[in-house]
Amino acid sequence: MASLEMNKVAAALLTAGVIAGTCGLAAQLIYRPAHHEGENIYLFGSASESGETAEAGAQEASLQEIGPLLASADPAAGEKQFKKCAACHTVDQGGANKVGPNLWNIIDQPIGDGAGGYAFSDALSSRSSEVWTYENLNGFLADPRGWAPGTKMGFAGLKKDQQRADLIVYLRGMSDNPAPLP
């Protein structure tokens with residue numbers, strides 16, 4: 001009797017396997033994925049290493065000018081936004097670098113100059129002749145990998161203009177001598 005029950009269980013498992021295999025084969029025949037040469041998949045809203053995506057270009061073109069938003073920005077709201085950044089950055093004067101550099105006195109400082117001993121990616125080091133203006137910070141915070149293709153920063157960016165303005169005003173205040181607002 002036990003042998004008959006074992007045969008039934010074995011037959012059920014074998015039948016289930018055959019059905020699953022047949023369904024998988026049928027699905028592959030019906031739904032063939034299209035493979036396109038040179039197409040990339042972006043995770044977390046990041047751009048490719050080359051940074052040349054229509055989405056990044058469209059976002060950069062649609063960024064609202066940050067100057068007018070800074071006048072009404074709320075540093076307390078920016079401090080809350082900074083909590084997303086605090087896992088990788090510090091803002092204390094003389095603070096240590098973490099995964100990302102310390103951001104004390106970031107406004108009007110050279111981009112990617114390696115001050116403080118932080119090893120910036122080539123994407124930022126190559127821009128060391130530029131400074132972190134309000135507009136540069138706005139673009140970078142909106143889409144780090146679109147603004148600086150190849151950056152090590154894995155954050156997808158802040159999509160809302162007011163959130164970026166609040167964060168920038170907060171960062172502005174992290175200085176002994178805050179840069180004047182535009």
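All of the numbers you see were taken from the coordinates with simple rules; none came from a lab. Fair warning: this is a prediction, and the values are worked out from it, not measured in the lab. Because the Cβ atoms are built from the backbone with ideal geometry, glycine has one as well, and the counts that use them run over all protein chains shown.
Side notes on the structure shown:
- Simple spin-label estimate for VAL99 and LEU63 gives 2.2 nm between the two label positions (7 Å along the Cα-to-Cβ direction from each Cα).
- Between SER129 and LEU181, the contour length at 0.36 nm per residue exceeds the Cα-Cα span by 16.6 nm.
- Neighbours of GLY112 by Cβ distance under 11 Å: Lys/Arg scored +1, Asp/Glu scored -1, total -1.
- Distant-in-sequence amide contacts of VAL131, defined by a placed amide H-H separation under 5 Å and a gap of 5 or more residues or a different chain, comprise ILE111.
- In sequence order, the range 65-71 has phi-based couplings of 4, 7, x, x, 6, 5, 4 Hz under the Karplus curve 6.51 cos²θ - 1.76 cosθ + 1.60, θ = phi - 60°, and Gly or Pro positions carry x.
- Shape category assigned to the range 54-173 from the gyration tensor of Cα positions, a/c cut at 1.5: oblate
- Scoring 16-27, 161-172 by mean Cβ neighbours within 10 Å over their residues and listing the highest first yields 161-172, 16-27.
- Eligible lysines near LYS84 by straight Cα distance, threshold 25 Å, same-chain separation 8 or greater: LYS98, LYS152, LYS159, LYS160
- In this structure, LYS160 and ALA27 have a Cβ-Cβ separation that, at R0 = 35 Å, corresponds to a calculated FRET efficiency of about 0.30.
- The slack between THR15 and ASP108, meaning 0.36 nm per residue of separation minus the straight C-alpha distance, is 26.5 nm.
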